[in-house]
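Read the figures in this text as sums done on the coordinates, not as results from a lab. Quick caveat: nothing in here was measured; it's all calculated off a predicted structure. All Cβ positions, glycine included, derive from the backbone under ideal geometry; neighbour counts span all protein chains shown.
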Amino acid sequence: MQTFFIGFFGLAAVVFAVGVFRTSSMMRSALALLFSQTALGALFLAMQAEFLGVLQIMMMATEMSIMAIFMVMFMMDPGGLGGMDMSHQKRLSLLAGLGGVVLVTGIAAYTQWEGLASATEAAAADEQIRQLGRELLGRSMLVFETAGITILTAMIAATAVAVKVPEQGGSHES
Amino acid sequence: MNPELLLALLTGAALFGVGLYGVLSQTNLVMLMMGIELILAGALVNLVAFWRFLHAESYAGQMFVLIVMTVMALEMAVGFAVATARFRTRGSVEMEEARELKG
Amino acid sequence: MNAVLLGLGLLAGIYAVALLEDRLTRGSFAPAAPLLAGIALLARESVVARKPDRLLFETAPVLLLSAGLLAAAVLPLSPTLVLVDLASGALFVNAALAYVLVALLMAGWGPDGAYAMVAGWRFLGQVIAYSMLIVMPITAVAIRAESLLTTVIVVSQEGWWNIFYQPLGFVLFYIASLAVCFLPPFDRPIAAGELAAGVEAEYTGARLAVLRLGRMVLVVSLAAATTVFYLGGWQGPWLPPWAWGATKVLAVAASMLLAGYYLPRLREEQLLAWCWKLGIPLALLNIFVVGVMVLAGL
């Protein structure tokens, strides 16, 4: 049963991911990415990581909606009605993508996973959330706080880059 | 061999491949960022799969997933900031027009 | 069994909300009016705009409806009457509500109409701001309950409901839920007086019926969320738990509709400025205060 759901949602995620680059409508592209990520959230749920799955589903909805508005803003042809081609070096990219898949799959297939496993039974969902909280505010607190600082830095950096620079000498003319 | 683990890793590999294709083939900065999101999504799948099927007792694995999700959000924030700045000064976010970045 | 009971309860709630909205907007009270209006909508021709993005146009109403239903699925009406008691239920409510945004963006983009599209993008700004005011007060609620299970959250309010324990959080959550289910004064995406009914402008017939139904489900879901997180859910004397739960949900839904009736509609930038500059700092303050109160053992 679990195998079926993992396969199903995994397949859905990959199909939507391919859809991202197969349409020329920006809105469809962003929504395909959103549903690919949502399928991943469902995949996490199927792997009994309930908190992570719900978090993924929640975060991506907002994130990809923001992505959609930026894409529509910055594109010359957001509706994709003009049939513009927005790609280059297709052959190389396709080869690199396929090569990546083959390489990673090969590594996954040839690794001896049996000896690496230390526990294969997941705890109940509410116990997981409690333990994750203890991990975040205990042993991994420094990492967690570093992530917080990084977010702050990125926010400041992003604002600094994106704000409009006042024109030089603009005040003299007025 | 654990078939569920292999299936999840296969999904991760496929997402990585699609993302890599997107990053290399798209000419637009925003589309390129979608490719990066997909590559990171592939990493997410692998991390959750490793936590669930190999080390279900260690919650550091779940925390790693949270950190990667943070990275995804940050990549978007900074990427859009750069895109906005470029659009203001150059009027487009096409990567082929950004030749001056090449040393 | 639970699913059937909850479904019937939801239907009754939607009907009551529709009646009340009818009374408030049109001033007439006819018990059969929502039913007749629904039948009329279903029978009418469902026009498709010229050159639509068909996929998004068709999916949007269904997605809105399912987002509302999913949010309702984790909220308990009584200790046993809950569809799925998810261990991360409080977070799941927020996850489901995020898809309201996606649905309206799709509805705005799909029909290829200027008014609809502007309304959809406006709603994006509104919900990104106000969904912060959904998730931050829920954080404070979860801090007190020490759990994300919705049933545990209700039990944690034994004796002292959250509306008294964290009134600031309640006010913020209440306003944000008005904004998320785009009731007046936050009804910019569909208001007839703004952008010619905005997102709803291009929808007719059966599709409009689904869109409106989705919004009604959303109103009831958010009223249920307010009840569960702040008004002690099923708790109350004398009456059986489900009766208390249902009464509170209906009362909250009625108050939400009434609030819109008496409040003026704000301009877009005022709406956003108040949320980002005032609402979010207050929500953070609320989390801090609740944390201190929990540590102090109150």
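Loop-resident GluC sites (Glu not before Pro) (DSSP state other than H, G, I, E or B) in region C:1-78 with no more than 13 further Cβ atoms inside 10 Å of their Cβ: C:Glu45. Rounded to the nearest 10 degrees, the inclination of helix A:141-162 to the longest alpha-carbon principal axis of chain A is 20 degrees.
Remark: C:Leu213, C:Leu42 ranked as C:Leu42, C:Leu213, counting other beta-carbon atoms within 10 Å and listing the fewest first. Neighbours of C:Gly198 by Cβ distance under 10 Å: Lys/Arg scored +1, Asp/Glu scored -1, total -2. The label-point distance for A:Val161 and A:Arg91, in a model that sets each label 7 Å from Cα toward Cβ, rounds to 3.4 nm. The charge dipole of the protein assembly as shown, taken about its Cα centre with unit charges on the Cβ atoms of Lys, Arg (+1), Asp and Glu (-1) only, comes to about 760 debye.
In the neighborhood of A:Leu132, defined by Cβ-to-Cβ distances under 15 Å, what is the net charge if each Lys or Arg adds +1 and each Asp or Glu adds -1? Summing Lys and Arg as +1 and Asp and Glu as -1 gives -2. As a rough footprinting exposure proxy, the listed residues C:Glu202, B:Glu94, C:Glu268 were ranked by other beta carbons within 10 Å of their own, and the order from fewest upward is C:Glu268, B:Glu94, C:Glu202.
Contact order for chain C, expressed relative to its length and based on alpha carbon pairs under 8 Å spaced 6+ residues apart, stands at 27 percent. Report, to the nearest 10°, how far helix A:90-110 tilts away from the longest principal axis of the Cα atoms in chain A, using its own Cα long axis and a range of 0 to 90°. Roughly 20 degrees, rounded to the nearest 10. In terms of the Cα gyration tensor, with a ≥ b ≥ c the square roots of its eigenvalues, is region A:1-77 rounded because a/c is under 1.5, prolate because a/b exceeds b/c, or oblate? In terms of gyration-tensor shape, oblate. Once both labels are positioned 7 Å from their Cα atoms along Cα-to-Cβ, the gap between A:Met76 and C:Ala40 label points is 4.9 nm.
Ranking of A:Phe4, C:Phe182, C:Phe229 by neighbouring Cβ atoms within 10 Å, starting from the fewest: A:Phe4, C:Phe182, C:Phe229.
Mean silhouette area of region C:169-298, derived from the convex hull of its C-alpha atoms and averaged over all directions, reads 10.2 nm². Separation of region C:69-89 and region C:204-236 by C-alpha centroid, Å? With region C:69-89 and region C:204-236 each reduced to a Cα centre, they are spaced 13 Å. Seen against the Cα atoms of chain B and their longest principal axis, helix B:29-53 is set at about 10 degrees.
A protection proxy built from the mean count of other Cβ atoms within 10 Å ranks the segments C:106-114, B:11-19, most packed first, as B:11-19, C:106-114. Each semi-axis of the equivalent ellipsoid for chain B is √(5λ) with λ an eigenvalue of the Cα gyration tensor; in descending order they amount to 34, 16, 8 Å. Please state the relative contact order of chain B as a whole percent: Cα pairs under 8 Å, 6+ residues apart? Relative contact order for chain B comes out at 27 percent.
Note on A:Lys164: lysines with a C-alpha under 27 Å away, same-chain residues under 8 apart excluded, are B:Lys102, C:Lys277.
Relative contact order, whole percent, for region A:1-77 stands at 31, derived from Cα pairs under 8 Å and 6 or more residues apart. Considering only A:Leu55, A:Leu98, A:Leu40, the mean-square fluctuation computed in a Gaussian network model of chain A, springs between alpha carbons under 10 angstrom, is largest for A:Leu98. Among the GluC sites (Glu not before Pro) within region A:45-126, those in coil by DSSP and having at most 13 neighbouring Cβ atoms inside 10 Å are A:Glu121. Tell me, rounded to the nearest percent, the portion of alpha carbon pairs in the protein assembly as shown spaced more than 38 Å apart. Pairs farther apart than 38 Å: 33 percent.
Legend: mean number of C-beta atoms from other chains within 10 angstrom of residue C-beta atoms, peptide A:9-19, equals 6. Counting charges near C:Phe92 (Lys, Arg +1; Asp, Glu -1) among other residues having Cβ under 12 Å from its Cβ returns a value of -2.
Residue by residue along B:71-78, Cβ atoms of other protein chains within 10 Å of the local Cβ number 6 on average. When the alpha-carbon atoms of region A:41-159 are used, the pair Rg, Dmax equals 20.8, 55 angstrom. Mean projected area of the Cα convex hull of chain C, taken over all directions, amounts to 15.3 nm².
Take each residue of peptide B:92-102, count the partner chain Cβ atoms within 10 Å of its Cβ, and average: the result is 1.
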